[in-house]
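Chemist: Take this structure, written in structure tokens, and hold onto it; I'll ask about it next.
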DNA sequence: GCTGGTATCCGAAACGTTTCGGATATATAC
DNA sequence: GTATATATCCGAAACGTTTCGGATACCAGC
């Protein structure tokens with residue numbers, strides 16, 4: 001029994017049309033009737049039905065985000081990205097609709113519900129996979145979207161995206177380690193299925209090559225982006241390669257896990273083994289010792305993505321915006337002192 | 001130009017009604033026509049318009065959450081609560097609609113839009129204030145909602161809520177410190193306007209009283225729930241009261257800040273000054289030294305709230321569920337050894 | 001008195017679904 | 001043969017808005 005325009009119309013004696021126009025501020029309704037109508041609306045506590053309005057206007061003032069379920073949950077990436085998104089959306093008077101699914105058919109189903117089902121005006125897609133079906137779908141139905149990240153290395157990316165140049169970032173981290181005298185540098189990569197995994201791997205190889213260091217398969221492991229996964233994977237790496245003097249975790253959480261693994265071995269982070277991460281989350285700075293990392297400001301990424309998406313919704317764009325941002329190497333105690 | 005029921009009707013030669021019923025699986029449509037219709041729907045890539053469906057069904061399968069903007073942003077509480085909510089909502093095939101606002105009129109506006117505007121079937125309200133206008137509003141329009149937290153001490157709470165008994169939690173923490181030989185225990189409280197601030201204060205006073213320790217106004221400060229705020233406030237507390245040997249931060253973030261402040265003074269956390277927190281966030285466990293804290297599993301709180309809300313939406317309840325959960329004291333190195 | 005303009009109002013259609021209450025045709029029962 | 005049941009379909013109304021295209025009344029200008 002919420003109050004509708006019809007109720008106000010009945011009580012005021014005017015038509016639904018006039019009530020609607022009075023409330024919307026059109027100037028073809030007299031001052032007198034407008035104030036009557038406003039008074040009644042106020043008295044009845046009228047609240048326009050947003051769903052009806054959306055149906056009529058064919059727009060929702062809502063952006064959508066579909067997050068991976070569970071296993072990535074304690075990854076700070078989405079938390080922070082998400083904060084940037086909802087805060088920026090609110091600035092533009094947009095709400096944010098969220099769902100979580102496992103990767104796979106359920107995920108596509110959610111995208112169809114949000115985009116095809118007209119629940120949102122635009123979508124932000126994050127964590128791209130190689131040949132990502134979500135992107136294909138959104139392109140096919142011409143629904144506005146922006147992507148955090150690109151397609152995998154070598155695949156074309158003909159859509160709006162914003163991404164940090166993690167290849168260069170990791171390369172700089174490797175160079176930093178090399179400059180400190182390290183030559184046996186291990187790396188914990190993200191899941192191979194993730195598009196950005198390749199860029200980081202390429203950065204690792206690029207850094208080694210520049211330094212004239214031979215790439216060794218055995219120094220590479222894949223982790224699951226979690227703290228616990230970092231502990232586990234670093235353990236494996238250290239057991240298999242006692243000669244390692246440095247480890248790169250491809251996100252800060254895994255790097256923090258790696259630090260713990262090093263300490264568990266009775267070794268000193270920064271003395272015996274240098275550790276570096278990627279992301280620049282707050283916990284990295286607060287760790288003991290503080291973590292050297294490649295910082296990609298995620299909150300700001302969320303802001304930029306949202307601004308871009310909303311702009312894209314407002315005026316269908318002429319050219320597709322693609323922005324590649326430079327991350328910043330932040331050296332802290334976890335990489336220790338130059339070794340000679 | 002998304003495809004609608006009308007398009008399928010036109011192409012198949014059946015009426016919109018029949019198409020609708022075929023797709024919905026009613027049994028008053030023959031196997032033959034059903035399969036024709038399904039085929040065409042599939043071919044055209046039909047995706048039901050959720051907004052139209054919501055309008056007709058007068059329900060949205062969506063729960064709403066309105067988060068405080070900015071200053072609380074780097075508080076992990078909402079991030080984790082939020083994860084619990086969206087994950088559980090997804091289990092029930094509910095989406096989650098989010099907005100952020102500053103506390104105040106804009107916040108009420110958002111509640112009206114979500115609840116009165118029929119955008120969501122139910123709301124989760126968190127961070128209650130004393131005599132919270134949001135709760136009054138939702139009660140007045142009889143919109144389903146559940147609350148994380150209660151009204152302020154002494155005010156009646158005639159609505160569905162789930163809360164941790166933080167009074168008992170803080171009391172236990174005080175008792176723990178007392179048992180370790182501390183008598184000069186400072187506390188950093190949350191903003192007074194927050195309903196739970198009073199419970200924690202009461203717990204502090206209760207703990208002191210049990211131990212026969214006189215309450216001293218000067219040992220109390222109010223913080224803003226952030227890490228930086230914790231550093232600042234602990235600093236103030238320590239400068240003013242050099243006799244302090246223990247500090248309680250009323251959330252982990254402020255407690256971690258307090259640890260940093262202690263260390264900045266050249267003092268040892270756990271040796272010179274004991275520190276305890278409240279929440280049990282992951283960072284507390286990983287801190288150096290690990291933080292003694294009163295753990296209130298927030299993710300689980302989000303799960304329970306969402307389950308309760310959805311149940312409340314499904315069958316209007318007979319009695320209002322109110323659950324008071326016991327938090328758990330977790331002793332770690334930040335509280336050091338017994339002093340004698 | 002007629003014309004044109006302006007101010008104010010409103011009916012009806014539309015957005016895309018779902019559903020109520022039939023309508024039609026065919027089969028079954030007697 | 002009629003009466004009843006069943007299977008299959010559909011028109012129209014409804015959900016609550018917004019908006020297009022008038023309609024009406026009144027005024028000024030000639």
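Chemist: If you take the residues in the range A:247-276 that are outside any helix (DSSP H, G or I) and without any contact (Cβ under 8 Å) to a residue 40 or more places away in the chain, which one is surrounded by the most Cβ atoms within 10 Å (Cβ to Cβ)?
Modeler: My answer is A:273.
Chemist: Which of the following residues is assigned to a loop (DSSP other than H, G, I, E, B) and crowded, with 19+ Cβ neighbours inside 10 Å: B:309, B:244?
Modeler: One residue alone meets the criteria, B:244.
Chemist: Sticking with this structure for a sec: Would you pick out the residues in the range A:25-38 that are more than 14 Å from DNA strand D (Cβ to nearest atom) and closer than 11 Å to residue A:11 by Cα?
Modeler: Across the range A:25-38, the qualifying residue is only A:36.
Chemist: Continuing with this model, one more query. More than 14 Å from chain B (Cβ to nearest Cβ), near DNA strand C (Cβ under 7 Å from one of its atoms) and out of contact with any helix residue (DSSP H, G or I) (no Cβ under 7 Å at 6 or more places or on another chain): is that true of residue A:13 in this structure?
Modeler: Values: more than 14 Å from chain B (Cβ to nearest Cβ): yes; near DNA strand C (Cβ under 7 Å from one of its atoms): yes; out of contact with any helix residue (DSSP H, G or I) (no Cβ under 7 Å at 6 or more places or on another chain): yes.
So residue A:13 fits the description; yes.
Chemist: I've got another one for you. Could you check residue B:75 against (1) at pLDDT below 95; (2) within 13 Å of DNA strand C (Cβ to nearest atom); (3) crowded, with 19+ Cβ neighbours inside 10 Å and say which number it fails?
Modeler: The one condition residue B:75 does not meet is (2).
Chemist: Please determine whether any residue of the range A:258-276 is more than 18 Å from residue A:77 (Cβ to Cβ), within 12 Å of another protein chain (Cβ to nearest Cβ) and in contact with a helix residue (DSSP H, G or I) (Cβ under 6 Å, 6 or more places away or on another chain). Explain how you work it out, then say what you get.
Modeler: Step one: list which residues in the range A:258-276 are more than 18 Å from residue A:77 (Cβ to Cβ), which gives A:259-275.
Filter again for within 12 Å of another protein chain (Cβ to nearest Cβ), leaving A:259-260, A:263, A:269.
Next, from what is left, pick out any that are in contact with a helix residue (DSSP H, G or I) (Cβ under 6 Å, 6 or more places away or on another chain): A:260, A:269.
Yes; the residues of the range A:258-276 include at least one that is more than 18 Å from residue A:77 (Cβ to Cβ), within 12 Å of another protein chain (Cβ to nearest Cβ) and in contact with a helix residue (DSSP H, G or I) (Cβ under 6 Å, 6 or more places away or on another chain).
Chemist: Taking the residues in the range A:103-124 that are within 20 Å of residue B:88 (Cβ to Cβ) and touching a strand residue (DSSP E or B) at 6+ places or on another chain (Cβ under 7 Å) as candidates, determine which candidate is nearest to the other protein chains (Cβ to nearest Cβ).
Modeler: Only one residue fits best here, namely A:119.
Chemist: Considering the range A:44-72 alone, what residues qualify as being surrounded by fewer than 16 Cβ atoms within 10 Å (Cβ to Cβ), away from DNA strand D (no atom under 15 Å from the Cβ) and more than 10 Å from chain B (Cβ to nearest Cβ)?
Modeler: Taking the range A:44-72 first, the residues surrounded by fewer than 16 Cβ atoms within 10 Å (Cβ to Cβ) are A:44-45, A:56-59, A:70-71.
Right, trim to away from DNA strand D (no atom under 15 Å from the Cβ) and you get A:70-71.
A:71, the sole residue that qualifies.
Chemist: While we're here: What single numbered condition from (1) closer than 19 Å to residue A:314 by Cβ; (2) within 9 Å of chain B (Cβ to nearest Cβ); (3) within 16 Å of the chain's Cα centre (by Cα) fails to hold for residue A:88?
Modeler: (2)
Chemist: Among (1) within 13 Å of chain B (Cβ to nearest Cβ); (2) within 16 Å of DNA strand C (Cβ to nearest atom); (3) within 27 Å of residue A:144 (Cβ to Cβ), there is one condition residue A:41 misses while meeting the rest; what is its number?
Modeler: Tallying (1) within 13 Å of chain B (Cβ to nearest Cβ); (2) within 16 Å of DNA strand C (Cβ to nearest atom); (3) within 27 Å of residue A:144 (Cβ to Cβ), residue A:41 fails exactly one: (3).
Chemist: Among the helices (runs of 4 or more DSSP H) confined wholly to the range B:68-186, which include 2 or more residues that are closer than 30 Å to residue B:247 by Cβ? So that I can check it myself, show each step before the final result.
Modeler: Details: elements: B:76-91, B:105-111, B:133-140, B:166-179.
Fully inside the range B:68-186 and qualifying: B:76-91, B:166-179.
Chemist: Does residue A:97 satisfy the criteria of being at the interface with another protein chain (Cβ under 10 Å from one of its Cβ atoms), surrounded by 18 or more Cβ atoms within 10 Å (Cβ to Cβ) and modelled with pLDDT of 95 or more? If you could, list the steps in order and put the result at the bottom.
Modeler: On the way: at the interface with another protein chain (Cβ under 10 Å from one of its Cβ atoms): yes; surrounded by 18 or more Cβ atoms within 10 Å (Cβ to Cβ): yes; modelled with pLDDT of 95 or more: yes.
Yes: the conditions hold for residue A:97.
Chemist: On to the next question. If you check residue A:288 against the conditions, is it over 23 Å from the mean Cα position of the chain (by Cα), in a loop (DSSP other than H, G, I, E, B) and not assigned by TED's automatic domain parsing to the domain that holds residue A:227? Walk me through it before giving the result.
Modeler: On the way: over 23 Å from the mean Cα position of the chain (by Cα): yes; in a loop (DSSP other than H, G, I, E, B): yes; not assigned by TED's automatic domain parsing to the domain that holds residue A:227: no.
Against the criterion (over 23 Å from the mean Cα position of the chain (by Cα), in a loop (DSSP other than H, G, I, E, B) and not assigned by TED's automatic domain parsing to the domain that holds residue A:227), residue A:288 does not qualify.
Chemist: Given the options A:216, A:200, name the one that is surrounded by fewer than 20 Cβ atoms within 10 Å (Cβ to Cβ) and outside the structural domain of residue A:156 (by TED's automatic domain parsing). If you could, list the steps in order and put the result at the bottom.
Modeler: Numbers: A:200 fails: surrounded by fewer than 20 Cβ atoms within 10 Å (Cβ to Cβ).
Of the residues listed, the single one that is surrounded by fewer than 20 Cβ atoms within 10 Å (Cβ to Cβ) and outside the structural domain of residue A:156 (by TED's automatic domain parsing) is A:216.
Chemist: Take the conditions within 16 Å of DNA strand C (Cβ to nearest atom) and closer than 26 Å to residue B:102 by Cβ and apply them to residue A:54. Does it pass? Can you show your working first?
Modeler: On the way: within 16 Å of DNA strand C (Cβ to nearest atom): yes; closer than 26 Å to residue B:102 by Cβ: yes.
For residue A:54, the condition - within 16 Å of DNA strand C (Cβ to nearest atom) and closer than 26 Å to residue B:102 by Cβ - is met.
The values are calculated or read from the model by the stated rules, or taken from the named source; none is laboratory data. Computed from a predicted structure; not experimentally measured. Cβ: placed from backbone, ideal geometry, glycine included. Neighbour counts: every protein chain shown.
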